[in-house]
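The values are calculated or read from the model by the stated rules, or taken from the named source; none is laboratory data. Worth saying up front: this structure is predicted, and the values here are computed from it rather than measured. Here the Cβ is made from the backbone with ideal geometry for all residues, glycine too, and neighbour counts use every protein chain on show. To get the accessible areas, we keep the full protein, side chains included, count just its heavy atoms, and leave off ligands, DNA and RNA. Shrake-Rupley method; radii C 1.70, N 1.55, O 1.52, S 1.80 Å.
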Amino acid sequence: MSKLGDLGARLYRGEVGYDFVGKRFIWYGVSILITITAIVALAVQGLNMGIEFKGGAVFTTPKTAVSVARATEEAEKASGHDAIVQELGTGGLRIQISGLDTDSAAGVKKQLATDLKVSEADINADLVGPSWGDQIANKAWTGLGVFMVLVVIYLAIAFEWRMAVAALIALIHDLTITVGVYALVGFEVTPGTVIGLLTILGYSLYDTVVVFDGLKEGSKDITKQTRYTFSEIANRSINGTLVRSINTTVVALLPVGALLFIGGGFLGAGMLNDISLSLFVGLAAGAYSSIFIATPLVVDFKEREPSMKALKKRVLAKRAAAAAKGESADGDYETEDAPQIVAQGRAGRRR
């Protein structure tokens, strides 16, 4: 068995583990800081909306010797608007200009043919109205709303409402971070970006449900035992699925990272960036939130219940009594109360 597989087995059996739940306020602080940064970026810089949302024209030229930089300069001079130029694999150019209507597009096409030294008949012009982008945005918002409602209903039925609320917060957390990264880096938001944003919700939810399922099984009849508190069982559930979550995320990130860094970066296929960035950031944020946000939130919600408070009191009392007698109590000492319990036991032995 590999070292990673051996570690995964030991984590699953509870032989080793990291106290994710006990240090949850650190992760909350990190997430709040990242979320605030994303919101500020959105408020200050905003999103670089693509032509599909703003309206305009896209000109595709045949092979030309004109560089991208010069084509950008000529396109902006001819149209009076900002232009985005991308080199195609055929040697031609894709020139995207926002704010053009049908009348002005014809004049710009003619001027581009002269400046780029190509035939006007060989330039393909596609006009996009802003109303089409509005329809896409509205449908995306509708799909997102329906998805969120269905997720909450499903998790509330399959698990409980606390897990549904925690999963919903984690999903909003992932979306906010992903959109904030788009605002920070200035990548163009296209329909592909919207598809990527909706896709990452499924990945994020998958990791969360895996942990929740382990937590549901581990906490069955929890009040009938005095070995573990709810937070300890939750922590064991996270550790038990940790290696699986890491493997799943890494395998998903490898092809997406290839699209983003090799395809969009080194090879210059900028059209890949719109969907690959949302998938890359969203997958990483989803794996993070399922471990560091969703499950710790369930613990905070659950341990407010009187039954869980009473259970924690019984567990800690049993451990304190065992420590006072110099015996080893069952359970993990991975709670914030562990140092006090050990201190009480040592004091009891001195007495």
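Here are a few things to note about the model shown:
- At R0 = 51 Å, FRET efficiency that the Cβ-Cβ distance of ILE195 and ASP122 yields, to 0.05: 0.95
- A simple packing score, the average count of other Cβ atoms within 10 Å per residue, orders the peptides 187-196, 157-166 as 187-196, 157-166, with the highest score first.
- Hydrodynamic analysis of the stretch 155-232 uses the Kirkwood radius over alpha carbon pairs. Inserted into Stokes-Einstein at 37 °C and 0.692 mPa s, it gives a translational diffusion coefficient of 222 µm²/s.
- Surface per residue (accessible, 1.4 Å probe) for the stretch 10-153, Å²: 56 Å²
- Charge dipole (Cα centre; +1 on Lys/Arg Cβ, -1 on Asp/Glu Cβ; no other charges) of the stretch 82-189 amounts to roughly 280 debye.
- For the stretch 146-159, backbone phi angles converted through the Karplus equation (6.51, -1.76, 1.60; θ = phi - 60°) give residue-by-residue couplings of 5, 4, 4, 5, 5, 4, 4, 5, 4, 5, 5, 7, 6, 10 Hz, Gly and Pro being listed as x.
- Peptide ranges 46-52, 291-297, 169-175 listed from the most packed, as the mean C-beta count within 10 angstrom indicates: 291-297, 169-175, 46-52
- Against the compact-protein benchmark of 2.2 N^0.38 Å, the Cα-based radius of gyration of the stretch 97-229 scales to 1.72.
- Building the convex hull from the alpha-carbon atoms of the stretch 33-102 and averaging its projection over directions returns 6.5 nm².
- Cβ crowding within 10 Å averaged over residues, with 299-305, 64-70, 220-226 ranked highest first: 299-305, 64-70, 220-226
- Rg in Å to one decimal, and Dmax rounded to a whole Å, for the stretch 183-268 via C-alpha atoms: 18.8, 61
- Ratio Rg/Rh, restricted to the stretch 52-167 and using Cα atoms, in which Rh is the Kirkwood radius: 1.30
- With all protein chains in place and a 1.4 Å probe, the accessible surface of the stretch 56-152 carries 55 percent carbon and sulfur.
- Förster radius 45 Å - calculated FRET efficiency between LYS325 and TRP161, Cβ distance, rounded to 0.05: 0.65
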